[in-house]
Each structure stands twice: as C-alpha cells, then as structure tokens.
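Everything on this sheet refers to the single structure shown next.
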2 protein chains.
Amino acid sequence: MTSAASRKGGRARDERLERDIPEATIARLPVYLRALTALSERDVVTASSEELASAAGVNSAKLRKDLSYLGTYGTRGVGYDVNYLRYQIAREIGLTQDWSVVIVGIGNLGHALANYAGFASRGFQVAGLVDNDPARVGEKVGDLTISSFDDIDAIVSNAAVSIGVIATPASAAQDVCDRLVAAGVSSVLNFAPAVLTVPDYVDVRKVDLSIELQILAYHEQRKANGAAELRASLA
Amino acid sequence: MTSAASRKGGRARDERLERDIPEATIARLPVYLRALTALSERDVVTASSEELASAAGVNSAKLRKDLSYLGTYGTRGVGYDVNYLRYQIAREIGLTQDWSVVIVGIGNLGHALANYAGFASRGFQVAGLVDNDPARVGEKVGDLTISSFDDIDAIVSNAAVSIGVIATPASAAQDVCDRLVAAGVSSVLNFAPAVLTVPDYVDVRKVDLSIELQILAYHEQRKANGAAELRASLA
DNA sequence: AAGAGTTTGTGAACGGGAGAACAAAATCGC
DNA sequence: GCGATTTTGTTCTCCCGTTCACAAACTCTT
C-alpha cells in the first residue's frame, strides 16, 4: 500500500488506497458478507473478528487480515459494526450496483439457475434465457421467455449484460462462449465440463459437479484403504 | 518418495510408493482424466505432456509434476500412452469402483442433479432421493422415487452410501448434514449457502453459485473502474 | 552403432497465502 | 484520570504450490 502511494507521490485520490486484494481474500468476502447479513437480520449491532470468523467458518486472524485489505473498518477493543462493514464489503465486491446475466442452455441445470433465488437477492438480474433447441424457444421459465442463439447479441447489448452463464453440454460450450464474448460479455461462469479458450480480458470461472464428486471419492478411497491397512497390520 | 522408502527400510509393498499427493494435484486429476478420455475417443494412442496440458488448460510443467506424483507412467522422447495413463488416473482417484450417493433436497437444483448424466458415466450412482416436503415424497424423478428424511438411515446403509449431496435451503443444511453423518456418510457435497460443522473424519466440499458470480462481479467492477480511470487520466 | 532430436522427471528458486504472536488503540471500572 | 482489559491491525515465519531449467532416457536416422 505504501508502495502505491509513494509510486504516485501522494496523488489526490490516494486515501482510497488502490489495492490489489489477494484472490484468496476476494473469494472469502462473499462468505463474510453472508455471515454479516445473517447477524444483521438477528439485529446484532457489533461483532468481534472471533465471532465473525466462526460464523464464516474461518480463522479469526485470517478474517482480520482479509478485512485489513479493504481498509480500517474495525474498532480496537470493540469489534466491527455489522451494518457498516456489510456495506463496505458489498461496495468492494460491486454489489451496490445491479448486474445483468444471461443464461445459455436451459436444460435441467439451466432451469434451476433461472429459478435460483440467490441471484436476485444479491443484485444479479437474469436478463435473458437462451437455448439452441427450437422446441424450447418460446417456452416460459418463471417470467422469462427462452430465446434463440441468434438473440444473444440483442439481449447482451440491450440489458448491458456483462456476465454470461453457460449451462450447455460440453460440446456446445466453446461455441456459446465465443458468441457471448463477441456480443460483449467479459465474464463467464461455466458449468459445462469443458476447457474454454477466451481473450485475456475475459474472466472465466468454472463449476464442475462431477469433479467435486471425484475429489470426494479420492478421499473416501484413501480413508477406506487406510482402514484396511490398519486392520491388516493388526492381524 | 525416497524418504518414505528409506524410512520404512524397503518394505514389501513399497513399490506402491505411499504418496501424499498434494490437494491441488488431486483437484486437477479429474480434468486430466477427461482430456484423456476425449483423446481416447478420437483414437489417439500417445500424447505428449504439451498436448495433454493444452487439452486440460494447464501448463505442461505442472502437468508433468502432477503425474510424477502418481508414478512414472510416461516414456521420455515419446510421451504418455493415453489409455494406460487414463486407467492409472482412474484407479488413483478411485473410479475403478462404483460410488453410491444420496441427494437431499429435491428442488430445482436437486432435480437437475438427479438427472445429471455426468454422474452415472463416471461411476457415481444415485442410490436415493430425499426431501422433507410430504407433498414431494413419492414423486418419481427419472427412475427413482423421492423418500422422506426418515428413510435416510435405511438408504445409506442398504446402498453403502458414503457420499451425500445437500441441495436444500441454507436453513435445513446443518440438520440434514447431521443426519447424513449419523447415518454413516463420510463425504458431503454442499450446495446450500451455509457453513457446515462436521466431525474431523468427514470431508466437505462446497459449491456456491452466488459466490462465483460475486467474484466475477468484483473483477467486472475493477475492469470498469480501470477503464474509467484511464479515460479520466487521458482527459 | 553412434549422433541428432524429443520429451520426461525433478531439483531448485520463487511467490503467495496461512497462522502465530504482538504492539497499538480503544473501552471500562474505579 | 489511570490502570486493566479487550480486540484490532500488522509483522514475521512457515508451508504449499507454481514455474523454470536441465540432465536423463528414449527413438529415429544414417
């Protein structure tokens, strides 16, 4: 932080100490936000790093360090003001504004995503649903109507969509991704089990259900083997 | 590897060099597996680390190091035998055996998971669907019938379920998790936006859709701010 | 059979994040 | 007003994971 300040030599807007917040921290901010929201709903006014950390499922030192990247929002001897900190984190993540997303691929998963309440409640608005299957185009899901691939451009530009969600089969994912990027999307959340190639300025995050299960299976197997070895060594 | 061998002093089963494979590597093995499967389907017999890495979306040095934890399966000057390596990875992850999973919470997401083809194709068998809502119990999803919470014990023990998938609202997640663990489940995949507390021997992995979107939103905001700052500094 | 050309496996350097520990800063009790 | 107490913000150390770079090992050509 001092480096940024000294480099620019005390520029006017430097109280807003231009950060580079570690990725690992960013990934935890939404968790803290959720914990704070829960506390706020129970009318808790103040929380210590210890309390917050336990609600978020992390270590308190880590939480304090994470928050220190955002600024000095706590009070020593007291803790953090729940609502104030909540607002600061929301602002930092960018949740004080609304984001439009388009969902491509309205199969089982796409349906679930389209109806997912967690989106709207956090400032994410589904601006369009798109599917390749002519039989599905025109179908209503919630209060939205499924459009065809060809409408991607119009949807993205009309609703200023910057985030695309891909819930298609793997075979279609790269093509869909290319179209989204061409239409102006610069962040992609990919549920398809495929590796996507995108320009540098585009962010991609991947969620892969079967990979998660495979990781669990590996550990299960290890547990089982460990137990078997233990039995063998006792025999 | 030498440390393990020397420590135990050349024990009988030590060719099976008892590993501790880094978590980061384990998380990538399923990706390699998928890439290998794709190559195999195109009848590719051999692949270099460079080819495999690009198919998997990683750096070739990382891929080689990852594979070296499993054993010496490549041939210098040649590359890796696709099918052989595929089998070795599958065995390592534990995919040469079948795994039974139970899905709890058959809302939109639960439905999608129950119908997800990627499970069956990788040796994961859905042994039961469970929901709390009496109106849903008895309903058929695919060729399975939804059971009530009270049947969790029976399902888990009858089908030797070791993995539980939680797709309930956050408010129910901890209770469901406790029941699963009590029934004998020792790995949990949690889709509910809640922090779960479990005994040490239980593994939990969490998938949180709205967190992924929030991370993307943060980066979007940064991109937008960066562009705005750039414009300002040029003006 | 020997040299040229590939490609793996790994040692070593590097960077980032986690956790312990403590000094600084605030409140509270008297 | 002052010492005791609480709790933050931060420094320091350690560990894990990534990447580089190269020697070892294999094939192919002549």
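For the reader, a short list of remarks on this structure follows.
- Among residues of region B:3-43, those that are modelled with pLDDT under 95, away from DNA strand D (no atom under 13 Å from the Cβ) and part of a loop (DSSP other than H, G, I, E, B), counted: 10
- The set of residues in region A:44-68 being surrounded by fewer than 21 Cβ atoms within 10 Å (Cβ to Cβ), within 14 Å of A:Leu85 (Cα to Cα) and either more than 8 Å from DNA strand D (Cβ to nearest atom) or in contact (Cβ under 8 Å) with a residue 60 or more places away in the chain (or both) consists of A:Val44, A:Val45, A:Thr46, A:Ala53.
A quick yes/no check of all residues on (1) of a type outside the set (S, T, N, Q); (2) more than 25 Å from A:Leu209 (Cα to Cα); (3) at pLDDT 95 or above:
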residue	(1), (2), (3)
A:Arg91	yes, yes, yes
A:Ser100	no, no, yes
A:Gly105	yes, no, yes
A:Leu129	yes, no, yes
A:Ser171	no, no, yes
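- Restricting region B:67-101 to residues that are hydroxyl-bearing (Ser, Thr, Tyr) and in a strand (DSSP E or B), the residue that is farthest from DNA strand C (Cβ to nearest atom): B:Ser100
- The listed residue being modelled with pLDDT of 95 or more and in contact with a helix residue (DSSP H, G or I) (Cβ under 7 Å, 6 or more places away or on another chain), out of A:Asn115, A:Asn158, A:Asn59: A:Asn59
Residue-wise test of (1) buried (at least 18 other Cβ atoms within 10 Å of the Cβ); (2) more than 12 Å from chain B (Cβ to nearest Cβ); (3) among the hydroxyl-bearing types (Ser, Thr, Tyr).
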{"position": "A:Thr168", "(1), (2), (3)": "yes, yes, yes"}
{"position": "A:Ala173", "(1), (2), (3)": "yes, yes, no"}
{"position": "A:Ser187", "(1), (2), (3)": "yes, no, yes"}
{"position": "A:Leu209", "(1), (2), (3)": "yes, no, no"}
{"position": "A:Ile215", "(1), (2), (3)": "yes, no, no"}
{"position": "A:Gly226", "(1), (2), (3)": "no, no, no"}
{"position": "A:Leu230", "(1), (2), (3)": "no, yes, no"}
{"position": "A:Ser233", "(1), (2), (3)": "no, no, yes"}
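- Flag if A:Val31 is touching an Asp or Glu at 6+ places or on another chain (Cβ under 9 Å), within 9 Å of chain B (Cβ to nearest Cβ) and within 13 Å of DNA strand C (Cβ to nearest atom): yes
- Lone qualifier among A:Ala182, A:Ala160 - being more than 27 Å from B:Arg205 (Cα to Cα) and touching a residue at least 60 places away in the same chain (Cβ under 8 Å): A:Ala160
- For A:Gly71, the conditions (1) surrounded by 16 or more Cβ atoms within 10 Å (Cβ to Cβ); (2) on the phi > 0 side of the Ramachandran plot; (3) not assigned by TED's automatic domain parsing to the domain that holds A:Leu144 are fulfilled apart from (1).
The values are calculated or read from the model by the stated rules, or taken from the named source; none is laboratory data. Bear in mind that the values here come from a model prediction, so they are computed numbers and not experimental data. Note: ideal-geometry Cβ built from the backbone for every residue, glycine included; neighbour counts use all protein chains shown.
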